[in-house]
Amino acid sequence: MKTNRISVLSQDEIELIHNHTLDLLESIGVRVDSPEAKKLLQENGADIDEKSDYVKFPESLVKEQLNRVPDSFTLWGSDGTYKFEINTRNVNFATVGTPIKIYDPEHKQGIRKTILSDNVSQIRIVDSLKNIRCSHVDVWPNDVPYLETHYHTIRAWAMNSSKPYGLGCYGRIASQDMMNLTFIIVGSEEELIKKPRLIGFFNPTSPLMMTKILLNGLFIFAKYKQPTIIAPAASAGSTAPVTLAGLLVQSNMEVLSSIVLTELINPGAPVFYSTMNCPMDPPTGNVAWGSIETGLITAGAAQLARYYNIPSRGPGAVTESKCFDIQNGFERFMTLSFAANAGINYITCAGTYESSLAESLELLVIDDELIDIVNRGRDGINVDEETLAIEQIKRVALEGKNYLMLKHTAKNTRKEIFVPKLMDRDRRGIWKRNGSKDIIVRAREKVNKILETQKGPGISNDVDNKLKDYFKEITSRTMDFFRKAEGLDKEGDVKGISGLEG
């Protein structure tokens, strides 16, 4: 039988969290830093406190909008040849985040700032992997101006990958650019809406705030029905209650209020009920994504998402380790296994380490194999007349046979036993004759082989010329234009948005 899902909440506990969430949304609410969003919410029955910017959500409004969220949707690749379904039952894997550093053994420090060519390599690696279904702007191109980043990464995606792509909802202007660029790539606006290619990231700021820049982008992603990950990233003890149950209540408030707004913008717009929540590390105050509590929080979020019948997203393969040591290995496998066995429908963060601030192409291909192992574990043990092997046991006992001699063994070995490609199981002598390679060296060899042979779908000269023409409009904009267009006129509006501070 297949293994059972990990559950950390009883049904009564889920309903307790749900009921307190509704009470707090109606009595306290969530701060919404956007006149456009507040107006839409008010028109649909929300109560606005103009002094505090907090919006109170009536229970009836929350329940009505939750009923509009689809429980499944399909994601498509750039050229339409690749697709997969997201639903509340399956488990999928992807990358995520915006690492600003990348492992480089040739660099004197072993790590350096990421550049656009690293972003391209990461896209190409993901395109070749079996289990990792989607890449995102995972490798931040530090050599590209902030206001141009989305152009360069989308063009690189279209040229080099047949899988879907994810980007942040960083503003109305950039998000509309993302749509317009993808219209050019896929042929039309109608094609993009019919077959979504992009995943948006909308991050409520904990505690209990939706920021203007991301709200501006959310309106665009919802308008074109590109699936959006609603992803609080609270730290228990600093930006959320230190108790995990309290964190789940606050996070549930942030997710549900964001989903309500998304469905008001465009009923039926697909979303992920997401978590990137973790505990604070008490001695340092830093995030502790690689902790066992992250696994517990992720499992709780999976259960809440199923309660609302909404596809879920959560982290896996996350670690605070700064090197490729045993801490890196056990934290990434622990969080990956926890998320998969809890039933998270879209598990992200493959290939990252150091609190997802650093990327490693070697870890990316290792994670693809770890996913194979986790999936084998989830398959459990198949028990039937064939697998019970009663006749084979008798033959070995009565006829002096060896199991290696039996057809049953040859027939079932590959079905029953997962054989890794990167992990070493040879005896020491053979391992030494083969170069005494550790798993990072073997992974680097696989990375190099992929980069030597992988070929993306490419784009036509006509599409490339149209993209380049559009790029002229992007490069003509100034930072002042961007600020004014996004309504970033208050101190703190751009806090935390890379490239816009100061």
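The values are calculated or read from the model by the stated rules, or taken from the named source; none is laboratory data. Being a predicted model, the structure only gives us computed values, none of them experimental. Cβ placement follows ideal geometry from the backbone for every residue including glycine, while neighbour counts extend to all protein chains displayed. Heads up: the accessible areas ignore ligands, DNA and RNA and are worked out on the full protein's heavy atoms, side chains in. Shrake-Rupley method; radii C 1.70, N 1.55, O 1.52, S 1.80 Å.
Considering only residues in the stretch 133-157 that are charged (D, E, K, R) and under 17 Å from the mean Cα position of the chain (by Cα), the one that is least open to solvent (accessible area, probe 1.4 Å) turns out to be Asp138.
For the stretch 72-81, which positions are surrounded by fewer than 21 Cβ atoms within 10 Å (Cβ to Cβ) and not in a loop (DSSP other than H, G, I, E, B)?
Ser72, Phe73, Thr74
Do we find that Ala317 is open to solvent by less than 30 Å² (accessible area, probe 1.4 Å), of a type in the set (Gly, Ala, Ser) and touching a strand residue (DSSP E or B) at 6+ places or on another chain (Cβ under 6 Å) in this structure? Spelling it out, it is not the case that Ala317 is open to solvent by less than 30 Å² (accessible area, probe 1.4 Å), of a type in the set (Gly, Ala, Ser) and touching a strand residue (DSSP E or B) at 6+ places or on another chain (Cβ under 6 Å). Thr298: among the β-branched types (Val, Ile, Thr), open to solvent by less than 20 Å² (accessible area, probe 1.4 Å), closer than 19 Å to Tyr273 by Cβ and at pLDDT 95 or above, yes or no? Taking the combined requirement at face value, the residue satisfies it.
Screening Ser337 on (1) crowded, with 24+ Cβ neighbours inside 10 Å; (2) of a type in the set (S, T, N, Q); (3) assigned to a helix (DSSP H, G or I) shows it passes everything except condition (1).
Out of Ile115, Ile100, I need the residue that is of a type in the set (A, V, I, L, M) and in contact with a strand residue (DSSP E or B) (Cβ under 8 Å, 6 or more places away or on another chain). Which one? Going through Ile115, Ile100 in turn, just one is of a type in the set (A, V, I, L, M) and in contact with a strand residue (DSSP E or B) (Cβ under 8 Å, 6 or more places away or on another chain): Ile100.
Give the residue that is farthest from the chain's Cα centre (by Cα), with candidates limited to residues of the stretch 110-129 that are farther than 28 Å from Met479 by Cβ and not aliphatic (A, V, I, L, M). Among those that are farther than 28 Å from Met479 by Cβ and not aliphatic (A, V, I, L, M), it is Gly110.
One residue stands out in the stretch 158-182 among those that are assigned to a loop (DSSP other than H, G, I, E, B) and over 16 Å from Gly80 (Cα atoms): the one that is most open to solvent (accessible area, probe 1.4 Å), namely Tyr170. Please pick out the residue among Thr243, Thr228 that is within 19 Å of Leu41 (Cβ to Cβ) and among the hydroxyl-bearing types (Ser, Thr, Tyr). One residue alone meets the criteria, Thr228.
Residues in the stretch 111-140 that are part of a loop (DSSP other than H, G, I, E, B), at pLDDT 95 or above and over 13 Å from Gly351 (Cβ atoms): Ile115, Lys130.
For the stretch 270-295, a tally of residues being among the aliphatic types (A, V, I, L, M), over 13 Å from Ser235 (Cα atoms) and surrounded by 24 or more Cβ atoms within 10 Å (Cβ to Cβ) returns 1. Taking the residues in the stretch 1-60 that are outside any loop (DSSP other than H, G, I, E, B) and basic (Lys, Arg) as candidates, determine which candidate is surrounded by the fewest Cβ atoms within 10 Å (Cβ to Cβ). The qualifying residue surrounded by the fewest Cβ atoms within 10 Å (Cβ to Cβ) is Lys39.
Residues in the stretch 398-423 that are more than 30 Å from Leu364 (Cβ to Cβ) and part of a helix (DSSP H, G or I): Leu398, Glu399, Tyr403, Leu404, Met405, Lys407, His408, Thr409, Ala410, Lys411, Asn412. Of all residues in the stretch 450-487, those being farther than 30 Å from Ser34 by Cα and open to solvent by less than 80 Å² (accessible area, probe 1.4 Å) number 11.
Yes/no per residue for (1) more than 19 Å from the chain's Cα centre (by Cα); (2) surrounded by 22 or more Cβ atoms within 10 Å (Cβ to Cβ); (3) in contact (Cβ under 8 Å) with a residue 12 or more places away in the chain; (4) within 22 Å of Thr453 (Cα to Cα):
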residue	(1), (2), (3), (4)
Lys83	no, no, yes, no
Thr88	no, no, yes, no
Lys108	yes, no, no, no
Asn131	no, no, yes, yes
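From the list Val137, Val126, Val96, Val144, the one residue that fits, being closer than 21 Å to Lys449 by Cα and not hydroxyl-bearing (Ser, Thr, Tyr), is Val126. Among the residues making up the stretch 438-481, those that are in a helix (DSSP H, G or I) and modelled with pLDDT under 95 are Met479, Asp480, Phe481.
If only residues of the stretch 401-449 that are under 27 Å from the mean Cα position of the chain (by Cα) and charged (D, E, K, R) are counted, the one that is most open to solvent (accessible area, probe 1.4 Å) is Lys421. For the stretch 351-383, the candidate set comprises residues that are open to solvent by less than 10 Å² (accessible area, probe 1.4 Å) and part of a loop (DSSP other than H, G, I, E, B); within that set, the residue that is farthest from Gln303 (Cα to Cα) is Ser360.
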